[in-house]
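Beneath this line is the structure, given in structure tokens, with notes to follow.
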Amino acid sequence: MVKGINTNRKQIKRLLAFCMLFAVLVLPKQSYAADVAFYEPLNAVNNNSFYVSDGWGNGSDFGVGWKASNVEFNNGIMALRLDDVGCPGGCSGKSFASGEYATKAKYGYGRVEGRIKVAKGSGLVTSLFTYSGETAGTANDEIDIEILGKDTTKLEANYFTNGVGDHSTIINLGFDASQGFHDYAFEWSPTYIKWFVDGNLVHTETGSRGPLPTHPGEIEVNLWSGAGNVWTGPFTYPGTPIRAYYDWIKYTPASDLPTDDGTGLTAKYYDNMNFTSLKATRTDATVNFDWGMGSPMPSMGMDEFSVRWTGKVKPQYTGAYTFYTSSDDGARLWVNNQLIIDKWIDQAETEWSGTINLTAGQKYDIKLEYYDNNEDAIAKLYWSSASQPKQIVPQNRLYPN
Ligand SMILES: [Ca+2]
Ligand SMILES: [Ca+2]
Ligand SMILES: [Ca+2]
């Protein structure tokens, strides 16, 4: 023990108090947890709410240095570009450069979402995550969505609490995430983290594998290549730039989320086109089906069937919502008992829309009827509003009968 420790402690306490006062008075408000909903369309760099990482790299596992010039905005899409321009001298000593975009504020319990088309290739990682940094005497808290370029049909869900990870789960997507945009989300609360793909719940953690994160984090996206990292697989630069694409990023605080998360809509499947030969009743998490030339289930034929989805929908925002059906063949949609789409016709996959005013947090009746006559069978239900980027109507806002 060393004499004077108490004095030192007092001095440290005084210094800490001074620092906190300084922080409260001087630092911009963005540096504090801001549990305010946002929708970022990624049309252009948003210096008010985001920062572009520039002039540094992460640890030795990362093969890239972050450069602002590697974050591009075109036609409403943000691209993160991985290349070797000016490297390693101009790339923080790394062999490659890439882009990272992050909120200035930290966000707490709520739902983090992004619409992403990932980069394909061994060694690459396309991500959406929250990151607290080392705060309040703890190591970092983090919640991750990572899609590895070595297999873009899988998503890796993970979380870190006080620097402790090892909570990774591999989720089969059922599609190739490098071939098109899809919605990825996680919802974080004191008692769970839930991961969603295109609105469907795909994984839940409850803390049974280790305490859940508690510290608000910046919402970040990046594209990087591993450096000698077995986890990412080996990376070989193909000689031309690689890009990951982001259409939007969205955050909804817990206070704006349904207190009773929805589970989907009641679905009745009929083996004819006029809803008289009922084969099955189930709950569908979302309406996002492409059965191709096949049938919805083995007990039904490939053609001449119909499906009726019913239940409630609970919007996040007040205002005009547009609903869209994309169907092959016919579809008709009622919201709040109003028929807003009426296309009960044979058609190749076609999108139709209808608009209705809704109030945030209210539950409205919804009914979607659909039939397939022959050949391809597709049924999808989307929504959008001024505040809501177009997406498959997500499971957490749909309620069965
Ligand atoms: Ca966009
Ligand atoms: Ca068919
Ligand atoms: Ca058809």
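If only the Cβ of Lys and Arg carry +1 and only the Cβ of Asp and Glu carry -1, the dipole of the chain around its Cα centre is close to 1820 debye. Taking label positions 7 Å along the Cα-Cβ direction at both Ser299 and Glu134, the computed distance is 5.9 nm, reported to one decimal. Arranged from fewest to most other beta-carbon atoms within 10 Å of their beta carbon, Tyr399, Tyr370 become Tyr399, Tyr370. Each Lys and Arg contributes +1 and each Asp and Glu -1, all at the Cβ; summed about the Cα centre of segment 126-227, the dipole is approximately 200 debye. For Gly330, the residues whose modelled amide H falls within less than 5 Å of its own, excluding neighbours fewer than 5 places apart on the same chain, are Ile345, Gln347, Tyr371, Asn373.
Sequentially through segment 121-132, phi angles give Karplus couplings (6.51, -1.76, 1.60; θ = phi - 60°) of x, 3, x, 8, 9, 10, 9, 9, 7, 10, 9, 8 Hz, Gly and Pro residues having no value and appearing as x.
For Thr240 and Glu351, the difference between the fully extended length at 0.36 nm per residue and the C-alpha to C-alpha distance is 36.4 nm. If one takes the longest principal axis of the Cα atoms in the chain, at what angle in degrees, from 0 to 90 and to the nearest 10, does the Cα axis of helix 5-26 lie? Here the helix axis deviates by roughly 50 degrees. Counting only lysines at least 8 places from Lys67 when in the same chain, those with an alpha carbon closer than 29 Å to its own are Lys29, Lys94, Lys104, Lys106, Lys117, Lys120, Lys150, Lys154, Lys250. With the cut-off at under 18 Å, measuring from each backbone N in segment 369-389 to a point 7 Å along the Cα-to-Cβ line of Gln179 picks out 376-380. Think of the chain as having a plus end and a minus end, set by charges on the Cβ of Lys, Arg, Asp and Glu; of Leu333, Gly133, Asn46, Gly133 sits farthest toward the positive end of this dipole. In a fully extended conformation the segment linking Asp365 and Trp344 would gain 5.5 nm over its present Cα-Cα distance, using 0.36 nm per residue. Its Cα centre serving as origin, segment 255-401 has a Cβ charge dipole (Lys and Arg +1, Asp and Glu -1) of approximately 720 debye.
Adding -39500 (n - 2.57) for every DSSP H run of four residues or longer, then dividing by how many residues the chain holds, sets the calculated 222 nm ellipticity at -2000 deg cm²/dmol. Annotation: amide H of Gly57 within the under-5 Å range of Trp66, sequence separation 5 or more or interchain, hydrogens built in the peptide plane. Taking the fewest neighbouring Cβ atoms within 10 Å as the starting point, the ordered list for Val52, Val125, Val64, Val164 is Val164, Val52, Val125, Val64.
Ordering Ile356, Tyr382, Pro241 by the projection of their Cα atoms onto the charge dipole of segment 240-388, which places +1 on the Cβ of Lys and Arg and -1 on the Cβ of Asp and Glu, puts Ile356 at the extreme positive end. In sequence order, segment 316-333 has phi-based couplings of 7, 10, 8, x, 6, 9, 9, 9, 10, 10, 10, 9, 9, 9, x, 8, 9, 10 Hz under the Karplus curve 6.51 cos²θ - 1.76 cosθ + 1.60, θ = phi - 60°, and Gly or Pro positions carry x. Taking 32 Å as the limit for the C-alpha separation, the pairs Lys279/Lys343; Lys279/Lys314; Lys194/Lys268 never exceed it; all remain within the limit.
Throughout, read-outs are computed from the coordinates displayed, never taken from laboratory work. It should be emphasised that the depicted structure is a prediction, and the values quoted were computed from it without experimental measurement. FYI the Cβ positions are ideal-geometry reconstructions off the backbone, even for glycines, and counts take in every protein chain you see.
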